[in-house]
Amino acid sequence: HVRTQIRRNSIPMSSSTNLSDSWGADGGPPEPIRLLRDLSVQSQLDEHTVQQQGGTSDGQLILDAAPEAQAQAQAQDDDDDGEDNDDAAELDGDLGGSSAGGDSATLGYASDIVGDFPLRHGRHQSHPKYAALYAALDDENESERKLSRQGSRNNLAEEAVVEEEEVPMCQEVGSGASFGAAGAASAAVQVAGLFTPANRARSAPLPGGRQSQPPSQQQQDPPARERPSEGQPWPKRDALSFTRSLVFYGSGSVTDEHELACRYIEEARGMRRKYQNGNGTKVAPECNAVLKQRGQDIEYKFGPNGVVELRSSAEKDDAGNLIQVPPLHEFVNDYHRLVEIASDGAMRSFCFQRLQMLTSAFKMHVTLNGHVENEAQSNLLGTDFYRTMKVDNHIHLAGAPTAKQFVHFVREKLRTESDTVVLSDGSTLGEVFAKAGLDSDHLTIDAFNVLADYSVYQRFDNFNSKYSPFRMAQMRKIFLKVENHIEGRYFAELTKIVLARLEQSKGHNSASEMRLSIYGMARNEWANLARWMLRDWEGGDFPGPVLSTHNRWMVQVPRLWRIYSSKKKDGDSAPRTFQTMLENIFIPMFDATLHPEQHPEVAELLNHIVGFDSVDDEGAAEAPCNCTRPSAWKSKQNPAYSWQLYYLWANLEVLNHLRKARGLNTFSFRPHAGETGDVMHCAAAYMLCQSVNHGVNLDRQVSLQYLYYLDQVGLSISPLSNNFLFRKIGTSPFPKLFKRGLNVTISTDDPLLFHMSDDALLEEYSVARATFDLSMTDMSEMARNSVLQSDFEDKFKREWLGDNYAKGVTHCDELKTHVPLIRAKFRAEHLALEHMLVTLIAAGKGQSVLGQMMDAFSAARESHRDILIENFEQLPSFPEQNQL
């Protein structure tokens, strides 16, 4: 209950107190302060006492409106048998509260008058006390009321200030709304303006006693997910579904440097379209017709530039190449040009300014609309964060089981299969452990020594050694490899344990995109991998092939040229070239696509692959990006990161055209980039890739960061992995990138090394929420982004995001994603505005647009001011009033 008490000139209230004593001499309403005093609840009970007594009060609420109403009020009090708390209990009931507990609403009558809350339109109007009060007020002359209000306002500020420290705080139980000293002063300010015909008209019941419906209960059109088509009206909405604050662009907001930067941005985005949208790939007119043909009608070979060439067998010369990607020298020039653009001073200044604006816009949005998002999310019944789908876009199969799962699996195998021969020399599993001096007592997580610690920070070599339990390479080969003496059986059984947990949806709904390795060391790697994945494994808890509805396989190609170049076959004295490595990776895929009947296992395996990844230590020394052909690369030094990415992309581009023409699935390219090393790795990835894993180095290059934002290039960040390897979580750029609106999500990388719980993905989300102070709306948005970044088939994305998800984030079904529409609209509108701004400025229309915007903002400012001033009967005095 309102515990507001105006102590100045206060007098005890009783049934004999007559409001006519304080009524104005001219018959108008009393002074606001005295009215607020007389209508205040005199209860001194604290909230605990109110709850214990079912919302009743020892105080007494007496509302004597006029002499003729006093008798009715006194009679009502007599009927109440003199109980002092009945009026308070009735007031509590009018608010919809329960007399049986303390969870009822507890706003007092004075707050009701000030706030024009539903209490004023409720059942209390039929009460004799209130009816008489309103009747007396309705009989007053409007001019007299205005005079009284004007006279009372003059003393309002002074009296409110005097009483500020004496008004105790009251709180609305259960809702957290507070009404303190400032609230009392505000009440006094507004109370005089409430006795107007307009306000009484709002509170008057409709004919027949019906009450007017509040806006939230009136018939509403659904909110717009996009701008209505030409000539169509916006949906009928009584309340805005979002709030915007206009940002004023003053004189000088668009400069020559800005125009230069925007032209650079358009040029850079054109480069991405060249490689991503196929704008730079030349396809022969007869290509699709030829590629659809089966049998021996299509020939292919690796060209001298290191890219596969496809041609009809009828063509006898090199002019018949059906698909020509941009050549290496063209890519190298484009890459160096993008590096130059990203490093330009004007470009960096403009992009930094826009990114700062996006950060500020998000902070403003959360400040104004955070509670609206929470309310909207709570109204999305039937779903929550745990039920929405979350895809672990970045997880390596060898590190997919948690340390706990791995140790338990090894312990069981040692107990039940100690006699199984696991090495080519005939050693059994028990003998391997015995030779190492290990027994069942050593099978603990600490003894396995697989969890990352301080020793792996900035040390990728130590990180890789953590995959070997007890630091024994034999253990890794036995349990975590596809190719070994037992043909990868243990690895298959352990993988299916991990997949089974995803399928069972323990704790929450999730899926994964696990990575399998193709090293390019030998031509038969693809065939071995196909046999391992598709084999009908017997035994174990989950027999059958290593496939799951909740997982899609990706292939990772480690950048291990330095190792491959040092290995030579017996009797082979010729140095190896990078061309041979590329052939080992791609020739089996082209063979299986062109001749599936000859390579059925690899052909079937490719149907279960959705994308390719490029992995290894980005901080390792590498050669500069140049135009050396793969067939000429014999140096033991690693080629440039961007050079290797180009050859993976170029051959995938040709392969995807071939597979698409034949109605087969295609592959995305989503490499590791920006984890460490040169930040310009992100420039090459921007040109060539759909999305990247990590990308945390983008916070060091604002130009690339803004380009990633404009094109919504996906970033699958692993904060816990970064924390142990390269970037401590306290300095992680994830919250910054998320607030600015980049397409970011959370992934696990290697649960075996970085996570302690049974559910690594949920642990990752939980740590991110606590560390980065994320709301549940933020969490759901990250989960939605993970599905958008994934390469799950369209039917699954429709199930998880809604049928119209491909149209944009505002068309995702919030009942499936648990992301309120207000958040989706905020993201979509800002992205559209940024694109529009850059395009107009780049076209040289910045100054003319700025002038029009200044005129529009000026008109909006005038309208805003007029609305504020028109709502004052008499404009009060306050500092800098002349600015309005």
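Would you please give the residues with an amide H less than 5 Å from that of ALA511, counting only those at least 5 places away or on a separate chain, with H modeled from the backbone geometry?
Answer set, sorted by chain and number: LYS390, VAL391, ASP392.
Report the residues of the stretch 612-650 in range of a label on LYS282: point 7 Å along Cα→C-beta, backbone N strictly under 19 Å from it.
Only 650 pass the distance filter.
Where a Cα-Cα gap under 22 Å defines reach, which lysines qualify for LYS274, not counting those fewer than 8 residues away within the same chain?
LYS282, LYS660
Taking a ≥ b ≥ c as the square roots of the eigenvalues of the Cα gyration tensor of the stretch 732-801, is the shape rounded (a/c under 1.5), prolate (a/b larger than b/c) or oblate?
Values: a/c = 1.91, a/b = 1.19, b/c = 1.61.
Verdict is oblate for the stretch 732-801.
Say R0 is 30 Å: what FRET efficiency, to the nearest 0.05, do ALA806 and TRP234 get from their beta-carbon distance? Show your work: numbers first, answer last.
Numbers: r = 24 Å, r/R0 = 0.79.
Once the sixth-power term is evaluated, E becomes 0.80.
Could you state the number of Å between the C-alpha centres of the stretch 484-540 and the stretch 604-642?
The stretch 604-642 and the stretch 484-540 have Cα centres spaced 25 Å from each other.
Determine the relative contact order of the stretch 690-770: mean sequence separation of Cα pairs under 8 Å and six or more apart, normalised by residue count, in whole percent. Numbers along the way, then the final one.
Numbers: 92 pairs, mean separation 24.0, N = 81.
Once divided by the residue count of the stretch 690-770, the mean separation gives 30 percent.
Placing unit charges on C-beta atoms (Lys and Arg positive, Asp and Glu negative, everything else neutral), compute the dipole magnitude of the stretch 396-525 about its Cα centre in debye, rounded to 20. Each step should come with its number before you reach the end.
Working: 17 positive and 16 negative charges, 63 e Å.
Charge dipole of the stretch 396-525: 300 debye, to the nearest 20.
With label points built 7 Å along Cα→Cβ from the Cα atoms of SER349 and PHE872, find their separation and express it in nm.
Modelled inter-label distance: 4.1 nm.
Would you work out the relative contact order for the stretch 375-527, in percent, from Cα pairs under 8 angstrom that are 6 or more residues apart? Let's see the in-between values first.
Working: 146 pairs, mean separation 52.2, N = 153.
Answer for the stretch 375-527 is 34 percent.
What nm value, rounded to one decimal, do you get for the distance between ARG273 and ARG523 when each label is placed 7 Å out toward the C-beta?
4.2
By its C-alpha gyration tensor, with a ≥ b ≥ c as the square roots of the eigenvalues, how is the stretch 648-723 shaped: rounded for a/c under 1.5, else prolate for a/b larger than b/c, else oblate?
It comes out prolate by the Cα gyration axes.
Pulled fully out, how much extra length does the chain show between HIS371 and ARG337, if you take 0.36 nm times their separation in residues and subtract their Cα-Cα distance?
Details: separation 34, 0.36 × 34 = 12.24 nm, distance 4.57 nm.
This chain segment gains 7.7 nm when fully extended.
List, in order, the whole-Hz ³J(HN,Hα) value for each residue of the stretch 352-363 obtained from phi through the Karplus relation with A = 6.51, B = -1.76, C = 1.60 and θ = phi - 60°; use x for Gly and Pro.
With coefficients 6.51, -1.76 and 1.60, one gets 4, 4, 5, 5, 5, 5, 5, 4, 5, 5, 5, 4 Hz.
Between LYS404 and LYS736, what is 0.36 nm times their sequence separation minus the Cα-Cα distance? Round to one decimal in nm.
Taking 0.36 nm per residue and subtracting the Cα distance, the gain is 116.2 nm.
Show which lysines lie in cross-link reach of LYS363 when reach means a straight Cα distance below 28 angstrom and same-chain residues fewer than eight apart are skipped.
Cα-Cα hits under 28 Å: LYS390, LYS728, LYS736, LYS739, LYS807, LYS816, LYS825.
With an 8 Å cut-off on Cα pairs and a minimum separation of 6 or more residues, tell me the relative contact order of the stretch 458-499 in percent. Working shown, then result.
Values: 26 pairs, mean separation 8.4, N = 42.
It rounds to 20 percent for the stretch 458-499.
If r is the Cβ-Cβ distance from THR383 to ASP441 and R0 is 35 Å, what FRET efficiency results, to the nearest 0.05?
That gives a FRET efficiency of 0.15.
Dipole size in debye (nearest 20) for the stretch 648-784 around its Cα centre, Lys and Arg Cβ +1, Asp and Glu Cβ -1?
Numbers: 12 positive and 14 negative charges, 97 e Å.
Charge dipole, the stretch 648-784, about its Cα centre: 460 debye, nearest 20.
For LYS845 and THR420, compute 0.36 nm times the residue count separating them, minus their Cα-Cα distance, and round to one decimal in nm. Please report the intermediate quantities before stating the final value.
On the way: separation 425, 0.36 × 425 = 153.00 nm, distance 7.56 nm.
Gain in length upon complete extension: 145.4 nm.
How many nm is it between the label spots at TYR454 and PHE470, if each spot is 7 Å from the Cα in line with the beta carbon?
Result for the modelled spin labels: 2.7 nm.
For the stretch 260-393, just say rounded, prolate or oblate: build the C-alpha gyration tensor, square-root its eigenvalues into a ≥ b ≥ c, call rounded for a/c under 1.5, and beyond that prolate if a/b exceeds b/c, oblate if not. Could you put the intermediate results ahead of the total?
Values: a/c = 4.21, a/b = 1.68, b/c = 2.50.
Oblate, since a/c reaches 1.5 and b/c is not below a/b.
Ordered by residue, what ³J(HN,Hα) values in Hz, to whole numbers, does the stretch 502-513 give under the Karplus form 6.51 cos²θ - 1.76 cosθ + 1.60, where θ = phi - 60° and Gly and Pro are x?
5, 5, 7, 6, 6, x, 6, 7, 8, 9, 8, 10
Read-outs: derived from the displayed coordinates by stated rules, not from any lab. Here the structure is a predicted model, which is why all the values come from computation and not from measurement. Cβ coordinates were reconstructed from backbone atoms using ideal geometry, including for glycine residues, and neighbour counts include every protein chain displayed.
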